[in-house]
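Accompanying notes for the structure given below.
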Amino acid sequence: MELRPGTVLDGEAVVWRDGRLDFAAAQSRAASSVTRARALAARYPASYVCWGVLQHPDPAIGDCRSRPCTERRAFLLELLAAVGPPVQVTPATDDRDVAVLWNDALREQGVEGIVCKRGGVAADRLHQPH
């Protein structure tokens, strides 16, 4: 990997098959024997789609979970700027119309929805009950 030691990303492994996301293929690989998983990986390579950085390798930055979404996004883009596939950054926008367009257009590719976050919200506060 080209990531700096100490980097912890938040994302998901995905498998593209016939122009669509195939969640069953990713789950099947995870539940397979090593031999079968290697055969599936050769036939249907996986990508890792990242939407956040939880731990930055720079000790001066460190744990990013309490930082605002916009700041974590900037760190993620910086960390992955020189890293290519199979690691990818998920698209992001602050334009509602673009988000609605993506939501509608990407359904054909198996994307089930979008995530909407306030830019100033910290990751460690996203999943807490209100």
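The values are calculated or read from the model by the stated rules, or taken from the named source; none is laboratory data. Remember, it's a predicted structure, so these values are computed and weren't measured experimentally. Note that we place each Cβ from the backbone using ideal geometry, even for glycine, and neighbour counts take in every protein chain shown. Surface accessibility is based on the protein's heavy atoms, side chains included, excluding ligands, DNA and RNA. Shrake-Rupley method; radii C 1.70, N 1.55, O 1.52, S 1.80 Å.
Give me the residue from the range 38-57 that is open to solvent by less than 60 Å² (accessible area, probe 1.4 Å) and under 16 Å from the mean Cα position of the chain (by Cα) and, out of that set, nearest to Val111 (Cα to Cα).
Val49
Only one of (1) at pLDDT below 85; (2) among the hydroxyl-bearing types (Ser, Thr, Tyr); (3) open to solvent by 70 Å² or more (accessible area, probe 1.4 Å) fails for Thr35. Which number is that?
Answer for Thr35: the failing condition is (1).
For the range 66-84, which positions are surrounded by 11 or more Cβ atoms within 10 Å (Cβ to Cβ) and under 22 Å from Pro45 (Cα atoms)?
Listed by number, the residues that qualify are Leu80, Val83.
Identify, please: which residue in the range 3-30 is loosely packed, with under 12 Cβ neighbours inside 10 Å and either in contact with a helix residue (DSSP H, G or I) (Cβ under 9 Å, 6 or more places away or on another chain) or among the β-branched types (Val, Ile, Thr) (or both) and is, among those, farthest from Ala122 (Cα to Cα)?
Residue satisfying both the conditions and the ranking: Gly19.
Please name all residue pairs, on different chains or six or more residues apart, with Cβ atoms under 6 Å, provided the first residue is in the range 69-83 and is among the β-branched types (Val, Ile, Thr) and the second residue is outside any helix (DSSP H, G or I) and open to solvent by 20 Å² or more (accessible area, probe 1.4 Å).
Thr70/Gly119; Val83/Glu2
Residue by residue through the range 85-130, note down the ones that are at pLDDT 85 or above, under 14 Å from the mean Cα position of the chain (by Cα) and surrounded by fewer than 12 Cβ atoms within 10 Å (Cβ to Cβ).
Within the range 85-130, Pro85 is the sole residue that qualifies.
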